[in-house]
Amino acid sequence: MNKQKSILVGGIIGLAFLIAFGFFLSDIEEKIIQPDGGFRVAFIADQDINTNSIAVLDLIKDEGAQLVLHQGDFDYEDDPDKWDRMISNVLGDDFPYLASLGDHDVKAWSGYQEKLYDRLKKNPDAVCNGDLGVKSSCTYKGLFFILAAPGMIGSDYNSFIEKQLNDNDSTWRICSWHIDMREEVMVSYGIGWEVYESCKNGGAIIVNGHLHTYARSKTLIDFENQIVDPEWSERNKLRINDGSTFVFVSGLGGHSIRDQERCLPVSYPYGCNGEWASVYTSDQDATYGALFCTFNAGGQPNKAYCYFKNIDGRIIDEFTITSFLGTYPKNTNLIDVDMSGWDLTGNDFSNKVIIDTNLSNAVLVGADLSNTVTIGTTLTGADLTDANLTGISLVFKDLTGTILRGADLTDANLTGIDFSGRDLTGTILRGLDLSDKDLTGTILRGADL
């Protein structure tokens, strides 16, 4: 996959959108703080110092992340020098790397915090206030984030979070701490639901670690009762606003991988209250990786796209985020485009990230969509005959009625795709593991396996 993906706003899509809405980017009055265009952040926790940990850092480097936010549990050895040296060997000694205190970091916290301060000094554009990693708030490239440690040391985190968010006007806000939202864990560490509610009410994305797995919720309006936002309930389209947000745990930094303890079954839709959109544990044969989020995608003020990628190069989860914070009109979405039914025969969309776009029933015969990430994009009924789909990510896409005859699907990510009953005559399927696919009624005449 192309590591530096560009956003599909130019060419035919961008022109169609701008004509339809009658304005250009320069016409939008900037009234709130926005991160720089295409600013990519990697989120990890539960790291350790081993070959898996280094592989995750290599992945972060390869994906072009510009900042790491680490949700605690660094090396499990109480060795700040060794931990920082590992990061420097891969990312460099001046790479922006900020973190929250984890339960395995308390004993040597002063040493870890000193390393974090050293990196902060080498990045003057990153400004942090307060007790770094414990009760602090930072801005970097227009992104605002709170690095806290509820349940670790100190108290009164709820009022601190409320004040920080009330005094901030950023489009993108993040609450980062270690302990996850399992009630039994929260009780054992003395954390209440108040910190989650304060972040939600302030429109901040919530990021946790501790669980040694990856999990991501849908948009929630009530954390204590895990109530999904009824107005924004889609699995892979999330929003943040005053009173609604989501939470994720990205705890596959390298130490170990745990099983799925709750919200069974182990496949979607998950149990509990249906609040979880993605779960990746040992029960889903998980391996290590990181969540990557690109804020202000393509220079668009209220859009972000995220994906969890493992060290084997597989995208496990992908989703978009729309921010409704600030003064931008809520229906001014500069990425979403309705191209349903369009004739796009032979068009070149290679190496693009197509966000929340409707391509249903579009004619894409012979089109080049190689290495495309189609996050939130609809492809039902599309004609992809002879299309180049090499390396494309189609994770859990609904391909009902989609025509794939003769398409090149070499090394495509087809997690969750049902091939039963499909006509794959002449389709190229090299590099794909079809061992778990139901091929009942599938036509494979001339297919290249």
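The values are calculated or read from the model by the stated rules, or taken from the named source; none is laboratory data. For clarity, every value in this text was computed on a predicted model and none was experimentally measured. Because the Cβ atoms are built from the backbone with ideal geometry, glycine has one as well, and the counts that use them run over all protein chains shown. With ligands, DNA and RNA removed, areas are computed over all heavy atoms of the protein, side chains included. Shrake-Rupley method; radii C 1.70, N 1.55, O 1.52, S 1.80 Å.
Results, tabulated for the structure shown:
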item: Label-point gap, in nm, between ASP58 and ASN273 - each point 7 angstrom along Cα→Cβ; result: 4.2 nm
item: Per-pair calculated FRET efficiency, R0 = 25 Å: ASP156 and SER110 via Cβ, rounded to 0.05; result: 0.70
item: Greater than 27 Å apart at Cα, pairs in LYS61/LYS107; LYS121/LYS303; LYS122/LYS303; LYS82/LYS200; LYS218/LYS397; LYS121/LYS163; result: LYS61/LYS107; LYS121/LYS303; LYS122/LYS303; LYS82/LYS200
item: Within the accessible area of the stretch 107-172 (1.4 Å probe), percent carbon and sulfur; result: 44 percent
item: Extended-chain gain in nm, criterion 0.36 nm per residue less alpha-carbon gap, ASN123 and ASP343; result: 74.4 nm
item: At R0 = 22 Å, FRET efficiency that the Cβ-Cβ distance of LEU264 and TRP193 yields, to 0.05; result: 0.45
item: Label-point separation in nm, THR287 to ASN225, each point 7 Å along Cα→Cβ; result: 4.3 nm
item: Packing-based order for 93-103, 143-153, 310-320, using average beta carbon neighbours within 10 Å, highest first; result: 143-153, 93-103, 310-320
item: Sorted peptide list for 116-128, 199-211, criterion being average Cβ within 10 angstrom, highest first; result: 199-211, 116-128
item: Taking the C-alpha atoms of the stretch 203-341, convex hull volume expressed per residue in Å³; result: 135 Å³
item: Potential extension, ASP103-ASP398 segment - 0.36 nm per residue separation minus Cα distance; result: 102.1 nm
item: All-pairs Cα distance distribution in the stretch 60-180, expressed in whole percent, bin size 5 Å; result: 2, 11, 22, 24, 21, 13, 5, 1
item: Pairwise label distance in nanometres, VAL185 with ASN89, each label 7 Å out on the Cα-Cβ vector; result: 2.8 nm
item: Descending semi-axes in whole angstrom, ellipsoid equivalent of the stretch 263-329, from the Cα gyration tensor; result: 28, 18, 6
